[in-house]
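Just below is one structure, and these are the notes that go with it.
The values are calculated or read from the model by the stated rules, or taken from the named source; none is laboratory data. On a predicted model such as this, the values are computed, not experimentally measured, just so you know. We place every Cβ from the backbone using ideal geometry, glycine too, and count neighbours over all the protein chains shown.
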Amino acid sequence: MPNTRPSEIISIMLYISLLSFSPGCKQKATEPPVAEKIPHELTTHGYTRIDNYYWLRDRENPSVIEYLEAENEYTKSVLRHTEPLQERLYNEIIGRIKQTDESVPYFDNGYYYYTRFEEGAEFPIYCRKKGNSDAPEEIMLNVNLLAEGHSYYHVSGMNVSPDNRILAFGVDSVGRRKYALRFKNLETGELLPDQISGTNGYVAWAAGSRTVFYTTQNEVTLRSENVFRHVLGNNPDDRDLVYFEEDETYRVGVFTTKSKEYIMIVSSSTLSTEFRYIKAGSPSDSFRIFHPREKDMRYSVDHHGNKFYILTNWDATNFRLMETPVNSTGKDNWKEVIAHRNDVLLSRIEIFDDHLVLSERKNGLTQLYIYDWQDMSGHYLEFPEEVYTAGISVNPDFESDLLRFSYSSLTTPNSVFDYNMKTQDMILLKQDEVIGDFNPENYQARRLYATAGDGTKIPVSIVYRKGIDPDGSNPTLLYGYGSYGASMDPRFSSVRLSLLDRGFIYAIAHIRGGQEMGRYWYEEGKLLNKMNTFTDFNDCARYLIDQNYTSPQNLFAQGGSAGGLLIGAVINMRPELYRGVIAAVPFVDVVTTMLDDSIPLTTGEYDEWGNPNDEDYFHYMLSYSPYDQVSRQDYPAMLVTTGLHDSQVQYWEPAKWVAKLRDYKTDDNKLLLYTNMDAGHGGAAGRYRRYREIAMEYAFLIDLAGVE
């Protein structure tokens, strides 16, 4: 049972009576499940809420599993007539994927590393070649073999030791993002006996190739809170704790700098960071604080030569770049390298011996700027399209004059380039191949601007197949996220072609809460400004309707996780704007979740949403929380998805939301809940399995739109 707390009066007897209650729902063969109402009182700041579906939190209760399975059966029955369409969509989607494929190799410490896929295989094969691309292939890890017999399997954190002999990697076979660390001898092919559970899947290698540093998670909240040191060959139970993060609003990580000379521990909250460091060649040393944490000050650190380079928002809302000697890391010693700019967000740097590369955001688009260290002269890379995204890729070699970067747009498949920073020559190394008759010239991408209620211009990226008339009849899918400062870049998706080729317009609303327009864009979409995120999205929807791209009868909306919160909020506020919506793993029970600090992510999210133990934040959250604001009105058709093992948004949030909507809504529109019983927040694992769920979602939209 979840912990009780003074701010909540819990109906314990009703909860206990549920444990012997079965079944968890009432249902006829072709009717939606009806979840039993078990009143549960929650009182906070003198305000009492009755939660009839609180009982769905108990994943160990057979009635809960029965209810979720009944919802799955109902969803399947309602969508049964679309199964031929789902199969066509699935075959279309995977038919565009180059079955036998591999990534562009990158060079690091004497080896070329790459990932390849074999035809029909679900999982990647990680490989390398020594010295040059013509050398014999070494298969480091064939995940297809490891995944045999598992319904879910994911590998992360692939990291080779400095002496090139040992591969460290993390394995999650549940979907809850709790990884077991494994180590493989790349010379003998043997897995070492060292196995460490409960980690985030990543290690930082010390210089001697025998010592690693890694983080472990709190068993209840899954907060990364410990950093341990482990020497290969020793009993993992005898590990050394080198750091424990006491502040429950912070999470920790550990990594090696690009120079491989320092090990860094980073403690991070939404608004503040703190780094600790040791030399990689002295793994038994105690970590030293780089600069003590300060409220509302974020910084990140990299190293080169005799200096550390610091990207920080100290007196710089959009961040600036500083440098400091390696033996004087406190803020008083920092010297400015790149100044703050009001109209440009400095989001990332890449350091080379002769050049410095900046990744920036301006007017909602990413830009790459190249500096020459000698005279600090520089230039931007030129990109050919109105709507695009570009990003720094893997560049482990300081001495290289080549910048590896990626580029894509709503009409251009992901492309990998090498750019010579001295000669300014650019070479296309690979563009993802879309199998079939795809031609980018058949599609049009545009950047539009909707006007929010307060006069703010909100960017909207759209793409559609040429030949569409703006007569209001076009089915349109509007996507949004709008949280954590995450920018939704206009990238290419071959999957999306299945909608575009059926006459859909696809649109991305770059709403406040992201960082597309700079750090202030994020600040205006969080905490007590969060409502801007939702009204921005509805204003973008209204704009597309007013400009005759679509109509309320043809407009659909989609979002996932915090974007699922967005979907829940906007349909409570303006349900008449949308024909149908898809809410994936939606964070919809905001107040109850944020009051429960035993749930993963809760305490670390206070700077994003606010702490509901503060009365002002409580009432503000309550005003938009989708679960709490469900009302007796018509709602659009809805498809809601979740994963039983989700560690980010617990399955019971969407399950409770759907149950309450069934009770309150006054329409006959479809309301479907699908729970993947084998997966977590990221959905099904594997190269192709995930497309089964996407095919179901697309069939739901196409069927509602009446598209043949």
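So here's what we get for this one:
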item	result
Verdict on Pro470 being at pLDDT below 95, surrounded by fewer than 16 Cβ atoms within 10 Å (Cβ to Cβ) and within 16 Å of Gly503 (Cα to Cα)	yes
Selection count where residues are closer than 11 Å to Leu478 by Cβ and part of a loop (DSSP other than H, G, I, E, B), scope the range 555-578	1
Close pairs from the range 624-639: first assigned to a helix (DSSP H, G or I), partner surrounded by fewer than 20 Cβ atoms within 10 Å (Cβ to Cβ), Cβ under 7 Å, at least 6 apart	Tyr624/Met531
Any hit, the range 31-46, residues being surrounded by 13 or more Cβ atoms within 10 Å (Cβ to Cβ), touching a Leu at 6+ places or on another chain (Cβ under 6 Å) and more than 30 Å from Asp397 (Cβ to Cβ)	yes
Verdict on Leu345 being buried (at least 19 other Cβ atoms within 10 Å of the Cβ), at negative phi, without any contact (Cβ under 8 Å) to a residue 60 or more places away in the chain and of a type in the set (A, V, I, L, M)	no
Residue list for the range 120-137, restricted to those being surrounded by 12 or more Cβ atoms within 10 Å (Cβ to Cβ), outside any strand (DSSP E or B) and in contact (Cβ under 8 Å) with a residue 24 or more places away in the chain	Ala121, Glu122, Phe123, Pro124
Hits in the range 79-102 (condition: surrounded by 16 or more Cβ atoms within 10 Å (Cβ to Cβ), hydroxyl-bearing (Ser, Thr, Tyr) and either free of Cβ contacts under 8 Å to residues at least 24 places away in the same chain or within 14 Å of Val495 (Cβ to Cβ) (or both))	Tyr90
Residues satisfying the stated conditions in the range 450-471, i.e. over 22 Å from Asn439 (Cβ atoms) and not in a strand (DSSP E or B)	Ala452, Gly453, Asp454, Gly455, Thr456, Pro470, Asp471
Meets criteria (surrounded by 20 or more Cβ atoms within 10 Å (Cβ to Cβ) and under 17 Å from Leu381 (Cβ atoms)) for Asp489	yes
Filter pass, Val242 being under 22 Å from Asp302 (Cα atoms), of a type in the set (Val, Ile, Thr), at pLDDT 90 or above and touching a Leu at 6+ places or on another chain (Cβ under 9 Å)	no
Residue under evaluation Glu245, criteria (1) within 24 Å of Phe183 (Cα to Cα); (2) out of contact with any Phe, Trp or Tyr (no Cβ under 9 Å at 6 or more places or on another chain), criterion not met	(1)
Which numbered condition Leu428 fails, given (1) of a type in the set (A, V, I, L, M, F, W, C); (2) touching a Ser or Thr at 6+ places or on another chain (Cβ under 8 Å); (3) closer than 30 Å to Gly110 by Cβ; (4) surrounded by 15 or more Cβ atoms within 10 Å (Cβ to Cβ)	(4)
Qualifying residue in the range 185-198 (condition: of a type outside the set (Val, Ile, Thr), in a strand (DSSP E or B) and modelled with pLDDT of 95 or more)	yes
Counted residues, the range 472-501 - those being under 23 Å from Arg96 (Cβ atoms) and assigned to a loop (DSSP other than H, G, I, E, B)	12
Considering residues of the range 62-114 that are among the basic types (Lys, Arg) and touching a strand residue (DSSP E or B) at 6+ places or on another chain (Cβ under 9 Å) only, the residue nearest to Lys660 (Cα to Cα)	Lys76
Pair list, Cβ < 8 Å and 6+ apart or interchain, from the range 651-663 residues that are modelled with pLDDT of 95 or more to residues that are acidic (Asp, Glu) and part of a helix (DSSP H, G or I)	Ala655/Glu71; Val658/Glu71
Qualifying residue in the range 330-349 (condition: under 27 Å from Leu402 (Cα atoms), under 29 Å from the mean Cα position of the chain (by Cα) and of a type in the set (Asp, Glu))	no
Filter result for Ile16 (part of a helix (DSSP H, G or I), at pLDDT below 95 and closer than 30 Å to Ala695 by Cβ)	no
Test: residue in the range 388-403 that is among the aliphatic types (A, V, I, L, M), part of a strand (DSSP E or B) and over 27 Å from Asn159 (Cα atoms)	no
The range 218-239, subset charged (D, E, K, R) and surrounded by 14 or more Cβ atoms within 10 Å (Cβ to Cβ), residue farthest from Arg293 (Cα to Cα)	Arg239
Of all residues making up the range 277-307, the number that are surrounded by 19 or more Cβ atoms within 10 Å (Cβ to Cβ), under 26 Å from the mean Cα position of the chain (by Cα) and not in a loop (DSSP other than H, G, I, E, B)	2
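Let's see how each residue does on (1) in contact with a Gly (Cβ under 6 Å, 6 or more places away or on another chain); (2) aromatic (Phe, Trp, Tyr):
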position	(1), (2)
Ala135	no, no
Met140	no, no
Tyr152	yes, yes
Asn164	no, no
Tyr179	yes, yes
Phe183	no, yes
Gln195	no, no
